[in-house]
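Remarks on the structure that follows.
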Amino acid sequence: MSQNVLVIGAGFAGLSAAITLARQGHHVTVVEKHATPGGRARAFSEKGFTFDMGPSWYWMPEVAADFFKRNDRCIEDYFSLIRLDPSYQVIFGKDDSILLPAAFSEICQLFDSIESGSGEKLRQFMAEAEYKYKTAMKTYISKPGLRIGELCNVEVLQSFLKMDMLQSFRHHVKHYFKDERLLRIIEFPILFLGATADKIPAMYSMMNYADMQLGTWYPKGGMAQLAGAFNKLATESGVKLCLNTEVEKLEVVKDKVLGAYTSKGFFSADVVVSGADYHHTDRQLLPANKSNYSAAYWDKRTMAPSCLIYYIGVNRKIPRLQHHNLFFEHDLQQHAASIYTKPSWPTHPLFYLCCPSKTDATVAPAGMENLFYLIPTAPGLEDTPAIREQYLKQVLAETAAYCNDKFEQDIIYCRSYAYSDFISDYHAYKGNAYGLANTLGQTAFLKPSIRHKKIKNLFFTGQLTVPGPGVPPAILSGEMVANYISSLKFGKHEVTI
């Protein structure tokens, strides 16, 4: 039976859910707080520069491509996708940097040149990583996480030991590599997962497969092109999108949500899917006695990092930069401790610098440079203009030292974005940027549930539920929730679970 479905939020999870439900015959409306779709993957333009506000790495390209195929579309018809070569560079000092090539055979040669025999070890390491990646994508990541029984089947049980869920990532990696620079490169993809490498399960070496085998890509025009493609597909699928429409309260009677009060009036619905921040929906939009989880439950969740971001326009070109640049000049363990062990602003931060104008002439005026800086930080830190200015000077000074080029006086645009902005723009719990930490105790059915325990027709999608944070998981999350909803038996104005 066709239902009137209201989706809150036009991020990747919300749009993915909306498209899937619409294609399954439901009448779908998406309400979005902001003036443009995309959620954290929005973009903005100033002084001829176009800045992606959030995600800037395009990994696991098959996830989005396959989603479009399942909806009878070809993603290449919506934007051009470029594979970066080198994928990125890692900077350990002014005269010590490593370019990671796109071809895996060349990566093996690079490893061998740094540590004898490590090329063959990388092949062995990657064979395990490939198994984990393909098994996770086939067996684990599509599970709705509603009960432990989902994991109690032959396929899952046979793969359990090979998935390395009980060994730490660091212990696993050190079995293969000794050189500190190689360890940094291998550990980089798990930097934002919410714990140090000695606490993240070795299962996540599957991210190294995504990095070194599947490659680093870039949609011409920026990551917002992917959001635009999802928005266009939603429109083509019959989804109604209401922008500049913020949900203020959900109307609940007994065990059903009847709709949402918004800044533009009341939207009635048979089914509601929240792609907004889960904690915000649960603790702020629902009546106090209808929350899915207690305040104590949320307070005990371990969050992945927040971050401090700078969007900078420079009126000339800067040497030595690649599209993606990882400045790993300082002690990773000290920075990690300031995020995970003793939350505080790092004294000597590691940081990431994206310079998409090296690849794409459309994101900056001719002859100019578009810079996106990101410093991972603990969530919930004090956020003041003085702190933002202090760290801006640090990252600019370190970049200038590496590039041997003082360009600060040539900056013609600068905007910062941090903890308080994540809260005001996205109602992000504790100002997080990357959702829940990917620890074993917050995996699968141990994550906040996609369905409400008391309200029969309310569901959740996005980075605080399964499968987790990131663009590909968000796409999968929305589709998973939509398929789960459509598998239920609908009666008039109710869902039987």
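Key figures
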| read-out | value |
| --- | --- |
| Residue selected from the stretch 179-219 under the condition charged (D, E, K, R), farther than 26 Å from Ser306 by Cβ and not in a loop (DSSP other than H, G, I, E, B), by the criterion most open to solvent (accessible area, probe 1.4 Å) | Glu180 |
| Condition check for Pro349: touching a strand residue (DSSP E or B) at 6+ places or on another chain (Cβ under 7 Å) and free of Cβ contacts under 8 Å to residues at least 60 places away in the same chain | yes |
| When residues of the stretch 229-267 are limited to those that are part of a helix (DSSP H, G or I) and open to solvent by less than 60 Å² (accessible area, probe 1.4 Å), the one farthest from Ile455 (Cα to Cα) | Ala229 |
| Qualifying positions in the stretch 140-178 - modelled with pLDDT of 80 or more, in a helix (DSSP H, G or I) and open to solvent by 50 Å² or more (accessible area, probe 1.4 Å) | His171, Lys174 |
| From Ala474, Ala401, residue being surrounded by fewer than 19 Cβ atoms within 10 Å (Cβ to Cβ) and either touching a residue at least 40 places away in the same chain (Cβ under 8 Å) or not in a loop (DSSP other than H, G, I, E, B) (or both) | Ala401 |
| Count of residues meeting criterion [in a strand (DSSP E or B), open to solvent by 30 Å² or more (accessible area, probe 1.4 Å) and either closer than 19 Å to Gly462 by Cα or of a type in the set (Lys, Arg) (or both)] in the stretch 30-63 | 0 |
| Residue within the stretch 337-351 that is small (Gly, Ala, Ser), out of contact with any helix residue (DSSP H, G or I) (no Cβ under 8 Å at 6 or more places or on another chain) and either closer than 30 Å to Lys456 by Cβ or assigned to a helix (DSSP H, G or I) (or both) present | yes |
| Candidate set from the stretch 74-107 (those that are over 25 Å from the mean Cα position of the chain (by Cα) and charged (D, E, K, R)); member that is least open to solvent (accessible area, probe 1.4 Å) | Asp96 |
| Unmet criterion (only one of (1) closer than 30 Å to Thr384 by Cα; (2) touching a helix residue (DSSP H, G or I) at 6+ places or on another chain (Cβ under 9 Å); (3) open to solvent by less than 40 Å² (accessible area, probe 1.4 Å); (4) modelled with pLDDT under 95) for Asp421 | (4) |
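The values are calculated or read from the model by the stated rules, or taken from the named source; none is laboratory data. Please read these numbers as outputs of a predicted model, since none were measured by experiment. Counting neighbours? That spans all protein chains shown, and the Cβs are built from the backbone with ideal geometry, glycine included. When the accessible area is computed, the model is the full protein with side chains, heavy atoms only, and any ligands, DNA or RNA have been set aside. Shrake-Rupley method; radii C 1.70, N 1.55, O 1.52, S 1.80 Å.
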